[in-house]
Amino acid sequence: MAPGPPTVVWDERFQEYDFGNAHPFSERSRGLAVRLLESLAASPGTPAIEWVRSVAPAERDVLETFHGPDYLDFVEEAGLSQFGTLLDSGDTPAFPGCYEAAARLVAGARVGLTAARERGAPAFHPAGGLHHAHPGRASGFCIFNDVAIAVTEAVHAGLSVGYLDLDVHHGDGVMYGFYDSGRVLDIDVHQDGRTLFPGTGFVEETGKGDGAGLKVNLPLPPLAGDEALLPLVRRVALPLLRDFRPDVLIVQHGVDGHVGDPLARLQYTSRAYAEIDRMLLDLANETCRGRILVTGGGGYRAESVGCVLARTGAILAGIEPPSGREPLPHGWRTEFERIVGSPAPGTWESRETVVHSPWRLDDETNLVAHLEQGLGRRFPAPRP
Ligand SMILES: [Zn+2]
């Protein structure tokens, strides 16, 4: 069967997941990414995208596949009262309607997973990727873990899952949620937990029981940048995923590793993200019949979220993304200024100034040797 068109899941109501203007997390910047993707998709001759514009919140029984009933009661209750209750130790406040808003994001991930499975084509859920939520608690701006629920659904359907987490923060909710699962290969590249929330994701954490050897952490020091990211994705992540041969690939595509993000310091560039997106698409076609679900995730600088995620959506949809020097559409820039309240960037990569990376080949060699020891396998030699 020929693959269907790629799917993009975006319901305007995803923006009701809203902690208020003073909070760093905003679905409005995901909305800006979607507007940009729409403008790219509107050019004559571009491949068709299947848009899913209306998504009902996930039902309670779906949420219970990952979250505990007491926690769900707590969130539901907190969402009925006025703004103020904290759902975790400090970063994730409740707001009126937070239960439904978070449950709608969960449904978005499920819709994306179903589309990827049924069509054998990429699905993109830019509003999702809330990878910190645990079964019994909120964490790090994440109320319900939409990606973990999508992984659970795939596993319950008898599928094996290759999960790659590119967010600058360790995807603790997902990794520990499937720590002993032999069905889930979880690979997570992030800023070292000794320097950043949530303080987990060390090389020694490799899974247990059936999941032993299937949890893979690649912690990077601040400022490591593309010099660390790209070789490690090529040498470690792709060979592991290729050997595991998952039935479906699920990617948490946080963009808070992008240069200039105010909450972290990994300074990846748009080019590195685009290169990885292409590699993942090829890998999905090679190993799991094109079944790939890509979610958003962190990202606290509106232009990074807008431009990087729009490009990711374009690559997944088979649309040639614009070069970095191309101007951004005038109408989009106006909307950016209205929503963000600061001047819009002029071009797709106009604000990507990286500083010198401290990462050396020796650092890569040490990290890979450490991984080889923990996982009991060898990785390819570095590229010359
Ligand atoms: Zn993050």
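All of the numbers you see were taken from the coordinates with simple rules; none came from a lab. Note that the structure is predicted; figures quoted are calculated from it, not measured. Note that each Cβ is placed from the backbone with ideal geometry, even for glycine, and that neighbours are counted across all protein chains shown.
Tabulated data
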quantity	calculated
Residue 231 being away from the ligand (no atom under 16 Å from the Cβ) and touching a Lys or Arg at 6+ places or on another chain (Cβ under 9 Å)	yes
Matching strands (runs of 3 or more DSSP E) fully within region 104-194 where at least 2 residues are within 16 Å of the ligand (Cβ to nearest atom) and buried (at least 21 other Cβ atoms within 10 Å of the Cβ)	161-165, 184-191
Where a residue in region 231-256 is on the phi > 0 side of the Ramachandran plot and its partner, wherever it lies, is more than 16 Å from the ligand (Cβ to nearest atom), with Cβ under 8 Å and at least six apart	245/160; 245/287; 245/288
Among the residues listed as 41, 22, 33, the single one being free of Cβ contacts under 8 Å to residues at least 40 places away in the same chain and out of contact with any Lys or Arg (no Cβ under 7 Å at 6 or more places or on another chain)	22
For residue 369: the one exception among (1) under 30 Å from residue 211 (Cβ atoms); (2) hydrophobic (A, V, I, L, M, F, W, C); (3) touching a residue at least 24 places away in the same chain (Cβ under 8 Å)	(3)
Residue among 340, 368, 305, 355 that alone is crowded, with 17+ Cβ neighbours inside 10 Å and within 20 Å of residue 224 (Cβ to Cβ)	368
Search result, residues across region 228-245 that are over 18 Å from the mean Cα position of the chain (by Cα) and crowded, with 22+ Cβ neighbours inside 10 Å	228, 236
Unmet criterion (only one of (1) at negative phi; (2) touching a strand residue (DSSP E or B) at 6+ places or on another chain (Cβ under 6 Å); (3) within 16 Å of the ligand (Cβ to nearest atom); (4) not hydroxyl-bearing (Ser, Thr, Tyr)) for residue 201	(1)
Every residue from region 202-225 that is over 20 Å from residue 358 (Cβ atoms) and surrounded by fewer than 22 Cβ atoms within 10 Å (Cβ to Cβ)	204, 205, 206, 208, 209, 210, 211, 212, 213
